[in-house]
1. With springs connecting C-alpha atoms under 10 Å apart, model the chain as a Gaussian network and identify which of 112, 67, 150 has the largest mean-square fluctuation.
2. Along the charge dipole of the chain, which of 63, 182, 9 sits closest to the positive end, that is, farthest toward it, with unit charges on the beta carbon of Lys, Arg, Asp and Glu (+1, +1, -1, -1)?
3. Restricted to Cα positions, what overall size does the range 1-134 have along the principal axes? Three whole-Å values, descending.
4. Taking all pairs of distinct Cα atoms, average 1/r, flip it, and tell me the Kirkwood hydrodynamic radius of the chain in Å to one decimal place.
5. Roughly how large, in nm² to one decimal, is the mean projection of the convex hull of the alpha-carbon atoms in the range 152-263?
6. How far apart, in nanometres, would the label points at residue 238 and residue 176 be if each is projected 7 angstrom from Cα along the Cα-to-Cβ direction?
7. When the helices in the chain are scored as -39500 (n - 2.57) per DSSP H run of 4 or longer and the sum is shared across all residues, what 222 nm value do you end up with, to the nearest 500 deg cm²/dmol?
8. Take each uninterrupted DSSP H stretch in the chain, measure its Cα extent along the helix axis, and return the ones at 15 Å or beyond whose mean Kyte-Doolittle hydropathy is at least 0.5.
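Derivation of every value follows stated rules applied to the coordinates shown; laboratory data play no part. Being a predicted model, the structure only gives us computed values, none of them experimental. Counting neighbours? That spans all protein chains shown, and the Cβs are built from the backbone with ideal geometry, glycine included.
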Amino acid sequence: MRLELVTVPGVPERPNEDWASAALPASGQGGVLVVLDGVTPPEGDDGCVHSVPWFTARLGGALVELSGSRRDMELAEILSASIRRTADAHWATCDLSHVRTPQATVVVARWSERVIEYLVLSDSALLLEGADGTVRAVLDDRLDRLPPGSLTSAAAVDTGLRNKEGGFFTAAADPAVSSRAVTGSVPAAGVRSLAALTDGASRWTEMFREGDWAAALELLRKAGPRGLIDRVRELEEADAAAGRVRLRRSKTHDDATAVLVEL
């Protein structure tokens, strides 16, 4: 088995709000990967005394532990329990009802000799490569289905879109959000590799259109996660130098995380 994981901050002077980990083997069998992309809040109060990296570390740690040790639980149940555990760690000091309370996108994959289970919430991506080389992207595309211009105002996002029906959902303080995740399973015999990308890394495909998901996975295999992220950085710099502005791009460089697992 080959496992490579790289995470790079958007800018050196800010903490990386992405979080990633893997467990091999998990609970004596198979493995687990967890990738979170912490949501950078707009300037102003978010009701919490803790940072986004604090939140992603707490939530990510709970997800890895439970995914690896509780094979009897479905991934949606594990996400719900992990959110509840994280909320319990700071409800006494923070206003967890605040719309901007720390939150994150989620990718979880868990595999055994028999099956690969997955969960995706919000705009990080999970790629599954079949034995024949075809690549399937598991995506939560709610953000992509919003009307153009919906995300330009922080106030409008907070009021009508963030963790609301008709908008988009992230893991914050409400365990019930686990029911909104994209979940499923596939036979392990039909998958030879999988990859997880936060949206800072998936820009190579989704923003810059350098290649489809199959091409992205092939780049990961040949150049490794760091090679993919380096290429994204080059494209971002070229855009900035040319003065180009892309839809849904709020900053030149975003935190970027890529994980490759070859089974």
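1. Highest fluctuation of the listed residues: 150.
2. 182
3. Principal extents (largest minus smallest coordinate, Cα): 49, 33, 21 Å.
4. Values: mean 1/r = 0.0536 Å⁻¹.
Roughly 18.6 Å, rounded to one decimal.
5. Details: hull surface 36.4 nm².
Computing the convex hull of the Cα atoms and averaging its projections yields 9.1 nm².
6. That separation, rounded to one decimal, is 4.7 nm.
7. Values: 5 runs with 77 residues, N = 263.
Using -39500 (n - 2.57) per qualifying helix, the result is -9500 deg cm²/dmol.
8. On the way: long enough: 52-69 (25 Å, 0.68); 75-88 (19 Å, 0.26); 213-242 (30 Å, -0.14).
Membrane-span-like by this criterion, though nothing is claimed about a membrane: 52-69.
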